[in-house]
Amino acid sequence: QVQLVESGGGLVQTGGSLRLSCAASGRTFSRDAMGWFRQAPEKDREFVAAIIWRSGFTTYADSVKGRFTISRDNAKNTVYLQMNTLKPRDTAVYYCAAYKSGIYNYPSSYDNWGQGTQVTVSS
């Protein structure tokens, strides 16, 4: 089994920055891609970004493009989400997930999830 451990969430003012980390562990960990999603209260889970592990190719939701950057560290089996120029609408619980199969921006295409970390952006 793969375990995903997230860290880095917190409270930040509008215009500030945070970096989220997601460390993957497991004896058989090997996935083609990893993703970040977020979910605000009473809202559906929303795609944020994804990265192809081997090539480093990245893709982003339009709402975060130009502000957020997803990256990975092969040696540490860790995925990062650098979030700059944060806005109140970015407030949500952020989840990392391991891709299984299907459309890259659908939550159902991922079969292993972290516990989530709260990001709150104050005005």
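Tell me the volume per residue, in Å³, of the convex hull enclosing the alpha carbons of region 39-97.
For region 39-97, the hull spanned by Cα atoms encloses 87 Å³ per residue.
Taking only protein heavy atoms and a 1.4 Å probe, what accessible area per residue, in Å², does the chain have with all protein chains in place?
With all protein chains present, the chain gives 55 Å² per residue.
Direction-averaged shadow area of the convex hull around the Cα atoms of the chain, nm²?
Mean orientational projected area (the chain, Cα hull): 7.1 nm².
Calculate the spin-label point distance for SER63 paired with ASN84, positioning each point 7 Å from the Cα along the beta-carbon direction, and give it in nanometres.
The answer from the label model is 2.1 nm.
For the chain, with a Gaussian network of springs between Cα atoms less than 10 Å apart, report the residue from PHE68, PHE57, PHE37 with the top mean-square fluctuation.
Most flexible of the set in this elastic network: PHE57.
Counting only protein heavy atoms and a 1.4 Å probe, tell me what percentage of the chain's accessible area is made up of carbon and sulfur.
Reported share for carbon and sulfur atoms: 46 percent.
When we measure straight from the Cα of LYS76, which lysines land under 23 angstrom away, once same-chain ones fewer than 8 places off are left out?
LYS100
Length gain on complete extension for the stretch ASP73 to VAL2, per 0.36 nm per residue less the alpha carbon to alpha carbon distance?
Gain on extension, ASP73 to VAL2, equals 23.9 nm.
Please build a GNM for the chain, connecting alpha carbons under 10 Å apart, and tell me which residue among ASN84, ASN74, ASN105 fluctuates the most.
Between ASN84, ASN74, ASN105, it is ASN74 that shows the largest mean-square fluctuation.
With charges only on Cβ, +1 for K and R and -1 for D and E, what is the dipole size of the chain about its Cα centre, in debye, rounded to 20?
In total the dipole reaches around 220 debye.
Which distance in nm do the two modelled labels at GLN118 and GLU46 give, with both placed 7 Å along the Cα-to-Cβ direction?
Reported label-point gap for GLN118 and GLU46 is 1.9 nm.
The values are calculated or read from the model by the stated rules, or taken from the named source; none is laboratory data. If you're wondering where the values come from, they're calculated on a predicted model, not measured in any experiment. All Cβ positions, even for glycine, are placed from backbone atoms using ideal geometry, and neighbour counts span all protein chains on display. Side chains are part of the model used for accessible areas, which takes the heavy atoms of the whole protein and leaves out ligands, DNA and RNA. Shrake-Rupley method; radii C 1.70, N 1.55, O 1.52, S 1.80 Å.
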